[in-house]
Structures are given as structure tokens and as C-alpha cells.
Amino acid sequence: AQSVAQPEDQVNVAEGNPLTVKCTYSVSGNPYLFWYVQYPNRGLQFLLKYITGDNLVKGSYGFEAEFNKSQTSFHLKKPSALVSDSALYFCAVRDSNTGGFKTIFGAGTRLFVKA
Amino acid sequence: DVKVTQSSRYLVKRTGEKVFLECVQDMDHENMFWYRQDPGLGLRLIYFSYDVKMKEKGDIPEGYSVSREKKERFSLILESASTNQTSMYLCASRSAGGGTGELFFGEGSRLTVL
């Protein structure tokens, strides 16, 4: 079965320090991978995606993610965290078994950035 | 600015009531989706639609139905609300294209069923 795992429910980091939010996936075929962010009482916003090409993908708000095929991972990173980055982050992958219509989401990782 | 608009941000309903959640997108997207979000479970797909009047069941369709009479509008219907349907409901849209495009989400509708 195709799946996405976010092994950490919560990540705590000090402002100015680098942050990493982890994601691993299991899909058949080529993975199409996404990161979304959700601020309190809001919908999800797209951050970045990997479809093909460079393994390092750059996205909104200074975030980037590294696709690692051998480790089936797509970790989200930022060199210097801001308090305003505190939010809920979702990793997602296209479900290739459904013609690409469905997206499988991880359970989410809550990021706390302390001033 | 592109937008997905959900008609109600907060609703409180009683068990057995019929509930309509409406979603409108202004991006001319072919695909529209209804998700349910619960803590620790991520987002679970209820129904999706890839064209007008077309609908497909997602992972948790029981207790829900949908309607898509116009391209821009996708409605979620709870025929007889139950307390276990208390949740955050998120509508999303996406252009056609094999799933390479990102989803655009509305702000969400938080439903409480008493």
C-alpha cells in the first residue's frame, strides 16, 4: 500500500537555528511529493513539490526539501527558523494507483519555533 | 489572487440534521476534492470530482454525498449528521494533469455536531 510517514509529531527549534521536518514515503513508480503548511484555523498552503529533476527543491518562505530516492525520504528544511514558521506541516505524495487523482497525506508535524 | 472559498467557517448542528458545505473555486480547475481533517490522522479524502456531474468515492465516503452541477462549485452533503462527523472539512481544487499540480485549499469549515 502506498503511504507517507512523518515520524515526529512535534519538532522544537530555536529561532535562527536550522530546522528539519522529516518525511518518508512508499509508492509504486515515480513519486510526486509535496509539502504543505497549515497555520491555525486556516486551510493548507502549498510550499513546494518534487516531480522530477534536481533532488533539492526550493519553495516558498525560504523552505527547501531534499528528495532521496535510496532512502525514500523527502525532508523539509530551512537554514534559519523564524517564530512565524510555527505551524503544522504536511508531507504528501500522489497516489499513482488512482491515475494521479488522489493525494496521500502524512499525519502532520507540528513545528514550534521559540524566540 | 486565486481562491477557493468555503461558504461557512464554523457550523454547529444537531444530530440528524442535514448539512450542506459549499465550495467555490475561481481557477477553472477540473478537479475538486473534499477532505476531512482530524488530529493525528492527517487529511482523509471523502469524495472527489474530476468533471462536472462526475464524482468518485474517496477513502471515507460513508455518511456523505456530493454534488457538482457547475465546474466551479462542489458541495458536500451530510444527509443525517452524527456526532462522529464533528471535524474540520477542507475543500481543495487542482488543475487536471496527472497529479503533478499542487492542491489549492479553502480556509476550512469546522463542523460541530451536538
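The values are calculated or read from the model by the stated rules, or taken from the named source; none is laboratory data. Computed from a predicted structure; not experimentally measured. Here Cβ is always computed from backbone atoms with ideal geometry, including for glycine, and neighbour counts include all displayed protein chains. SASA here: full protein model, heavy atoms, side chains in, ligands and nucleic acids out. Shrake-Rupley method; radii C 1.70, N 1.55, O 1.52, S 1.80 Å.
So, A:R110, is that one touching a Leu at 6+ places or on another chain (Cβ under 7 Å), at negative phi, open to solvent by 40 Å² or more (accessible area, probe 1.4 Å) and of a type in the set (D, E, K, R) or not? Spelling it out, A:R110 is indeed touching a Leu at 6+ places or on another chain (Cβ under 7 Å), at negative phi, open to solvent by 40 Å² or more (accessible area, probe 1.4 Å) and of a type in the set (D, E, K, R). Of the conditions (1) without any contact (Cβ under 8 Å) to a residue 24 or more places away in the chain; (2) buried (at least 17 other Cβ atoms within 10 Å of the Cβ); (3) part of a loop (DSSP other than H, G, I, E, B), A:P31 clears all except one; give me its number. With (1) without any contact (Cβ under 8 Å) to a residue 24 or more places away in the chain; (2) buried (at least 17 other Cβ atoms within 10 Å of the Cβ); (3) part of a loop (DSSP other than H, G, I, E, B) applied to A:P31, the lone miss is (1). On the given criteria, is B:E62 part of a strand (DSSP E or B) and without any contact (Cβ under 8 Å) to a residue 40 or more places away in the chain? When the stated conditions are applied, B:E62 does not pass them.
Within the range A:95-108, being more than 23 Å from A:Y39 (Cα to Cα) and either touching a residue at least 24 places away in the same chain (Cβ under 8 Å) or hydroxyl-bearing (S, T, Y) (or both) holds for A:D95, A:S96, A:N97, A:T98, A:G100.
Of the residues that sit in the range A:59-106 and are away from chain B (no Cβ under 14 Å), over 25 Å from A:N12 (Cβ atoms) and in a loop (DSSP other than H, G, I, E, B), which one is most open to solvent (accessible area, probe 1.4 Å)? If we take residues in the range A:59-106 being away from chain B (no Cβ under 14 Å), over 25 Å from A:N12 (Cβ atoms) and in a loop (DSSP other than H, G, I, E, B), then A:K69 is most open to solvent (accessible area, probe 1.4 Å). So for the range A:46-58 (the condition being assigned to a strand (DSSP E or B), open to solvent by 40 Å² or more (accessible area, probe 1.4 Å), touching a residue at least 60 places away in the same chain (Cβ under 8 Å) and over 28 Å from B:M32 (Cα atoms)), does at least one residue qualify? There is no residue in the range A:46-58 that is assigned to a strand (DSSP E or B), open to solvent by 40 Å² or more (accessible area, probe 1.4 Å), touching a residue at least 60 places away in the same chain (Cβ under 8 Å) and over 28 Å from B:M32 (Cα atoms). One residue stands out among those in the range B:1-26 that are at pLDDT 95 or above and of a type in the set (K, R): the one that is most open to solvent (accessible area, probe 1.4 Å), which is B:R14.
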